[in-house]
1. Among the residues in segment 66-77, are any touching a Phe, Trp or Tyr at 6+ places or on another chain (Cβ under 9 Å) and among the small types (G, A, S)?
2. Restricting attention to segment 1-23, which residues are crowded, with 24+ Cβ neighbours inside 10 Å, in contact with a Ser or Thr (Cβ under 8 Å, 6 or more places away or on another chain) and among the hydrophobic types (A, V, I, L, M, F, W, C)?
3. Out of all the residues in segment 99-116, which are in contact with a strand residue (DSSP E or B) (Cβ under 6 Å, 6 or more places away or on another chain) and either among the polar types (S, T, N, Q) or assigned by TED's automatic domain parsing to the domain that holds I135 (or both)?
4. One residue is enough: does segment 70-90 have a residue meeting the conditions part of a strand (DSSP E or B), of a type in the set (S, T, Y) and either in contact with a Pro (Cβ under 9 Å, 6 or more places away or on another chain) or buried (at least 22 other Cβ atoms within 10 Å of the Cβ) (or both)?
5. Do we find a residue being part of a loop (DSSP other than H, G, I, E, B), in contact with an Asp or Glu (Cβ under 8 Å, 6 or more places away or on another chain), among the charged types (D, E, K, R) and within 30 Å of R203 (Cβ to Cβ) anywhere in segment 27-48?
6. Please verify whether segment 19-41 includes one or more residues that are more than 20 Å from L209 (Cβ to Cβ), in contact with a strand residue (DSSP E or B) (Cβ under 9 Å, 6 or more places away or on another chain) and among the small types (G, A, S).
7. Out of all the residues in segment 183-199, which are part of a helix (DSSP H, G or I) and either without any contact (Cβ under 8 Å) to a residue 12 or more places away in the chain or farther than 14 Å from Y129 by Cα (or both)?
8. Going by the structure shown, is E22 part of a helix (DSSP H, G or I) and in contact (Cβ under 8 Å) with a residue 40 or more places away in the chain?
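The values are calculated or read from the model by the stated rules, or taken from the named source; none is laboratory data. All figures in this text were calculated on a predicted structure; none of them were measured in a lab. Quick reminder, even Gly has a Cβ in these numbers, built from the backbone with ideal geometry, and neighbours come from all protein chains shown.
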Amino acid sequence: MNNIPTISIVTPSFNQGEFIEETIVSVVSQEGDFFLDYIVMDGGSKDNSVEIIKKYEQILKKGEWKVNCRGIHYRWTSQKDKGQSDAINHGFHRASGQIFGWLNSDDVYYPGALQSVAKVDWEKTDFCYGEGMWILHDARDLGLYPTFPPDKYSLYFQCTLCQPTVFFSRNAWQELGDFSLDYHCVFDFEYWMRAVFGGKHFRFIPKLLAKSRMYPENKSLSGQHIVGKERANLLATYYAKEHLSKFRLFLYKRKVDRPTHRRVKMLFSKLNETVKK
């Protein structure tokens, strides 16, 4: 990999005009010694999303934005797609970077996130991940995402990675392939499993990298019944022939599953309080 990497970020979006400007700003304002390749994949929004996306194209073209990295290549498209994973796949096929990541159009990067990713030794790393913060609809902190090292035991119980904090090499993506269109809610979880079962190396960055917005209309929350069915399908697909140690399963249930359930219970409690207000 070159000494100065190019990081390709894809933002899939559909009718997210309420949040997408905050998302775009969090990407194009990143500082560091890297080139940024930013691709916004809009699914044919009917709200003001495209207007906001075009706005930043013009601002960057006119040089009206202070670029704090080596350079920004910003492009976008707006057309009907087959869903979030399809949009991300098309985005990565257009990407020019050596490092890939995606940021949904209601999520946000912390300042310095991409510089932390650029500093990773990508010659020895397939995936990296950091800490994530759940935030409310109005961007107030809600609580830390329950992050744990991904392996066959931790993933058996939970999706232990906060998606917007995860980045991976172009080589890893080329070997693992596109995101599955068979999963509506847990396609990211399926990809982490595919990577772990494929022997990919994950490196932890002990910093807050991204904020994941949680609100009642959020796909992960509004589609809990779908999440449950898709997760069961994942377990059946990946663990059918696995002989996991009962003792390690017991340990991981205490180490990963129970703390995660406590954190999620807290999440729903705070969200309910917000809705009542």
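1. Pass one, segment 66-77, residues touching a Phe, Trp or Tyr at 6+ places or on another chain (Cβ under 9 Å): 69-76.
Next, from what is left, pick out any that are among the small types (G, A, S): 71.
Checked against the condition, which is being touching a Phe, Trp or Tyr at 6+ places or on another chain (Cβ under 9 Å) and among the small types (G, A, S), segment 66-77 yields at least one hit.
2. Scanning segment 1-23 gives a single hit, I20.
3. S105, S116
4. Scanning segment 70-90, I find no residue that is part of a strand (DSSP E or B), of a type in the set (S, T, Y) and either in contact with a Pro (Cβ under 9 Å, 6 or more places away or on another chain) or buried (at least 22 other Cβ atoms within 10 Å of the Cβ) (or both), so the answer is no.
5. Looking through segment 27-48, none of the residues is part of a loop (DSSP other than H, G, I, E, B), in contact with an Asp or Glu (Cβ under 8 Å, 6 or more places away or on another chain), among the charged types (D, E, K, R) and within 30 Å of R203 (Cβ to Cβ).
6. no
7. Correct list: F187, E190, M193, R194, F197.
8. For E22, the condition - part of a helix (DSSP H, G or I) and in contact (Cβ under 8 Å) with a residue 40 or more places away in the chain - is met.
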